[in-house]
Amino acid sequence: MAKLLRQLLVTGGIYHDFAATAAAFAGAIEPMGVQTTIVSGADAALRNIDVSNCELLTIDALLFTMTQHEKYAPLREQYAFELSSGARDSVERYVREGGSLLGLHTASICFDGWAQWARILGAGWVWGQSSHPPAGKVRVERTIDGDGIVAAAPPFEVFDEVYRGLQVAPEAEPLLRARAASDDESHPVMWRYRYGAGRVIYDALGHGPDSIAEPTHLSILKRAVQWLLEPAMMNEAKRGLEAHA
């Protein structure tokens, strides 16, 4: 029997139904042989992450210091978050040494007290520059042809938010772009990236479970997971051959 690949899915935060979104995503990729542990205690889980115990780290959360605006003041005591130095070191080492990272939607806003996070994810929210219109129906289309992740994916519509004005690494390769009803132009919303020996996908869509479940979006996410897990699957196949040699 093939070994199950392990996903650590970190969730939690304000303004989004993260529990439903995380459950929808975990359930969708379970048939791919991915066993998911969903955690809301981000710091403790991330302090212990390592390439030996996790094949895929997914951040589907809004965990940030909440110091940027007074509108967050009533929520800070319960929701304000800053990643410890130990967790930061573990995450950076995990990806650099070959771990796979998937960031969904608000992952680019997370860990705002840690500048290196944007470099690891390949994209980061810049307060005072980044923005999005209200959630609504948006049109999404691929930016490149013939790629294994977006393949021949047709344009699709989904209820979501379109982020713009992010700080994006020059090496990050855009895969999808989206246009909200209020937009004059489309904006990149999914990137492929490498950090050290690690593989990274950031998908700025995923505002709620309906976005994850939209058939074309979900098929793209599954192919993204397949690309992210490709090294782990190849290593597992190699170990299997060596065991039967």
- Message: I'd like the distance separating the alpha-carbon centroids of the range 71-123 and the range 128-147, in whole Å.
- Response: 22
- Task: In square nanometres and to one decimal, what's the mean projected area of the convex hull around the Cα atoms of the range 51-106?
- Result: 4.8
- Query: Tell me, Val138, Val150 in order of fewest to most beta-carbon neighbours within 10 Å?
  - Reply: Val150, Val138
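Taking square-rooted eigenvalues a ≥ b ≥ c of the alpha carbon gyration tensor, is the range 75-116 rounded, prolate or oblate, where a/c under 1.5 means rounded and, failing that, a/b exceeding b/c means prolate?
Oblate, since a/c reaches 1.5 and b/c is not below a/b.
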- Item | GNM top mover of His16, His132, His105 - the chain, alpha-carbon springs below 10 Å | His132
- Message: Can you compute the helix-only [θ] at 222 nm over the chain? Use -39500 (n - 2.57) per DSSP H run of at least 4 residues, normalise by all residues, nearest 500 deg cm²/dmol.
- Response: -9500 deg cm²/dmol
- Task: Kindly state, as a whole number, the per residue volume in cubic angstrom of the convex hull around the alpha carbon atoms of the range 129-187.
- Result: 88
- Note on the structure: Gyration tensor on Cα atoms of the range 75-213, a ≥ b ≥ c root eigenvalues, a/c under 1.5 rounded, else prolate if a/b beats b/c, else oblate, says oblate
- Item | Kirkwood estimate for the chain, i.e. one over the average of 1/r between Cα atoms, Å | 18.3
- Query: With +1 on each Lys and Arg Cβ and -1 on each Asp and Glu Cβ, how big is the dipole of the chain about its Cα centre, in debye rounded to the nearest 20?
  - Reply: 420
- Note on the chain: helices (DSSP H) long enough, at least 15 Å by alpha carbon along their axis, and hydrophobic enough, mean Kyte-Doolittle at least 1.6, are 18-29
- Could you state the number of Å between the C-alpha centres of the range 1-44 and the range 151-219? 19
- Note on the structure: Loop-resident GluC sites (Glu not before Pro) in the range 156-200 with no more than 11 other Cβ atoms inside 10 Å, DSSP not H/G/I/E/B, are Glu171, Glu185
- Most positive-pole-ward Cα, Ala19, Gln68, Val150, against dipole of the chain from beta carbon charges: Val150
- Item | Sparsely packed chymotrypsin sites (Phe, Trp or Tyr not before Pro) within the range 97-135, loop by DSSP, other Cβ within 10 Å at most 15 | Trp127
- Query: Of the lysine pairs in the chain, how many meet both conditions: Cα atoms under 28 Å apart, and a spacing of 8 or more in sequence or different chains?
  - Reply: 5
- Message: Quick one: the Cα spread of the range 1-98 along its three principal axes, in angstroms, biggest first?
- Response: 53, 29, 17
- Note on the structure: Dividing the mean separation of Cα pairs under 8 Å (6+ apart) by the residue count of the chain yields a relative contact order in percent of 20
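Bear in mind these aren't lab numbers, they're just calculated from the coordinates by the rules spelled out. All of these numbers come straight from a predicted model, not from anything done at the bench. Here Cβ is always computed from backbone atoms with ideal geometry, including for glycine, and neighbour counts include all displayed protein chains.
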